[in-house]
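Report on the structure given below.
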Amino acid sequence: RSSVTSRYEMLYRSTTGQEEAALAAATAREADAALHPLQDTTLGSLTMYVVPETSSLLPQGINVYVGKHRSALVRAGGSLAALQARLQEVAQVMSFTAGSIAAALSDRVPDGQLSPDARRYLKSSLGYEITFSLLNPDPKSHTVDWDIEGAVNRYVKPVLDKLSLVANFSVDSQILYYAVLGVTPRYDKESSSFLLSTHSLPHVINPVEARLGSSAASLYPVLNFLLYVPERSHSPLYIQDKDGAPVSTNAFHSPRWGGIMVYNVEAPASPHASLPLHVDVDMARVMEVFLAQLRLLFGLSREEVPPEFLLESPGNEGLADWELDHLLWAHTVENIATVSTTLTSLAQLLDKIGNIVIKDDVASEVYRAVASVQSAVTKLSLGHLHAAFQASKEAVTSSERAFFDPSLLHLLYFPDDQKFAIYIPLFLPMAVPILLSLAKIVRETRLRKKEPTKMD
C-alpha cells in the first residue's frame, strides 16, 4: 500500500521585459541560456514559457523544448484545455509521477504494478563507490595505457559534483592482468570476428567480480565500470543484441552493478610486428559509454519521452537540473519508506524479546528518526525538496544507528529458549549431587522423627 501522491501547484503570470528579450533569441538553446539567470532556481520548481504557435524557436514538429536547467518552452496551440493538458504532461516528464513513486518503492510494490525497468535502478544510499577497472587478459600481447585520472577529472568529476546533493561519492581505479571474462566467445567465419551473444552476458560478471575485490570492505554500494581489452586469440570481439546485430557501443550494463565495455585493438599491419603492442585508450569514447551507463543506473533514461518533446543535452554536467530534482524526489520517498520499515522491524523485535534493555542513547536515536521522518514528510508536502531530502537522510542515519546498536545485537541471538539450551548442560552436572544430598538429608530427617524417643 502506498499513500504517496504527487500534486502540482501551478501559478500563471506574464513574461517580464527581460524574459521577452531572451525569448527573442535565434534558437531555443540560446533562449534557455539567456533565461537561466532570470528563473527561480529553487529545487523542485519548474518554469514553463508558452510561446506563440508561429514561433521559430521550436523546430517543425516539436511542441515542447526542455532545457538543461528548470525551464521548458511550450508551443501554444488549440484550446486552453489542450494547453493545460500539454503543460501537465511537461510537468510529469520533468518531475515526479506515479510511475516514479512505484520505481522508488520497487521493493515494496507488487511486480504487476511495476515497469520492466523499475528494479534496475540503484537503491538510495548515503554514499556510493565507483571503481574503474582495466582488464588486460593478455599482457604479453598488449601494453595498455589509459589516462584514467585525467578522464575522471574531465568527464566524471562534473557529474559527481552535480550529484553531490544526492550522496557522497568516491572514485578509484585498478588494472587487472590475466583477468578473462570466463565465457568463450563464438567465432563467426563471415565477419572473421568473435561474438558474445545476449544469453551469455550474465555469465560474464561472476568470474570477473571475483577478481575485483572492491565490494569486500565497502560500506556503500559499489558501481563497477570495466574496460576489457580482448586477448589476441579472441580479437576482435563484438557483443550481439537480442536480434543478433552488433551493439554500437560494444558494451552492456548490469542493473545495480555497473557496466562492461569491450575495447578492441587494431591488428598490426605486419604479422611480424614485435610484441607487446602499445595501446592508447581513447578515453573520450570510453567515458561517453560509462556515463551513459551511470545515468541508466540512477534511472535517468530519456527513452520514454513523447516524440514531440525535444530534450537539451546536459553537456559535461551529465544530468540536467530537473533530472537532479527527480533523483532527490525519488530518494526522499525511498528514504522515508526505508525508515518506516526499519523502525517497524525494531518495534517488532522489542515486542518479541521481553527482557531487552533499551539504553537512553538508543531511545534518543529512535525519537530523532521519528521526528526527522515527520519533518521530511511535512517539508515534502510543502514542496521544500532540499530540506525534505536532508531530513530523510538524517532519519535513515538515526534509524540505522538504533537498529544496529551493539547493545541490542547480542540479544538478537540469545532468546530465552536458547539460554536454557546453553546453561542447562553447564549447571546440570553440578546440580545432580546437590539434589541427591538434599534428598538424603530429607530422608534422614524423616527417619529421625519416626524413631521412638527413650524415656528414663
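Is there a residue being farther than 29 Å from S100 by Cα and touching a residue at least 12 places away in the same chain (Cβ under 8 Å) anywhere in the stretch 339-352?
yes
Quick one: in the stretch 218-264, which of the residues that are of a type in the set (V, I, T) and in contact with a Phe, Trp or Tyr (Cβ under 7 Å, 6 or more places away or on another chain) is nearest to I205 (Cα to Cα)?
Taking the candidates together, the pick is I260.
Kindly establish whether S218 is part of a loop (DSSP other than H, G, I, E, B), under 25 Å from the mean Cα position of the chain (by Cα) and not hydrophobic (A, V, I, L, M, F, W, C).
When the stated conditions are applied, S218 passes them.
Going through the stretch 282-298 one residue at a time, which ones are open to solvent by 20 Å² or more (accessible area, probe 1.4 Å) and part of a loop (DSSP other than H, G, I, E, B)?
Correct list: D282 only.
Does A371 qualify as being at pLDDT 85 or above and either surrounded by 17 or more Cβ atoms within 10 Å (Cβ to Cβ) or over 30 Å from G127 (Cβ atoms) (or both)?
no
Answer yes or no: is there a residue in the stretch 422-440 that is modelled with pLDDT of 90 or more, within 21 Å of A102 (Cα to Cα) and either under 26 Å from the mean Cα position of the chain (by Cα) or open to solvent by 80 Å² or more (accessible area, probe 1.4 Å) (or both).
no
Considering only the stretch 322-355, state which residues are among the charged types (D, E, K, R) and open to solvent by 20 Å² or more (accessible area, probe 1.4 Å).
D351, K352
Residue by residue, here is whether (1) open to solvent by less than 50 Å² (accessible area, probe 1.4 Å); (2) in the same structural domain as T397 (by the TED database); (3) among the hydrophobic types (A, V, I, L, M, F, W, C); (4) in a strand (DSSP E or B) holds:
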residue: T143; (1), (2), (3), (4): no, no, no, yes
residue: R154; (1), (2), (3), (4): no, no, no, no
residue: K162; (1), (2), (3), (4): yes, no, no, no
residue: L165; (1), (2), (3), (4): no, no, yes, no
residue: S170; (1), (2), (3), (4): no, no, no, yes
residue: A179; (1), (2), (3), (4): yes, no, yes, no
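Would you be able to tell me the number of residues in the stretch 114-141 that are modelled with pLDDT under 85, in contact with a Leu (Cβ under 6 Å, 6 or more places away or on another chain) and either open to solvent by 30 Å² or more (accessible area, probe 1.4 Å) or closer than 21 Å to N224 by Cβ (or both)?
Residues that pass the stated criteria total 1.
The values are calculated or read from the model by the stated rules, or taken from the named source; none is laboratory data. Everything quoted here is computed from the prediction, not taken from an experiment. All Cβ positions, even for glycine, are placed from backbone atoms using ideal geometry, and neighbour counts span all protein chains on display. Only protein heavy atoms, including side chains, enter the accessible area calculation; ligands, DNA and RNA are left aside. Shrake-Rupley method; radii C 1.70, N 1.55, O 1.52, S 1.80 Å.
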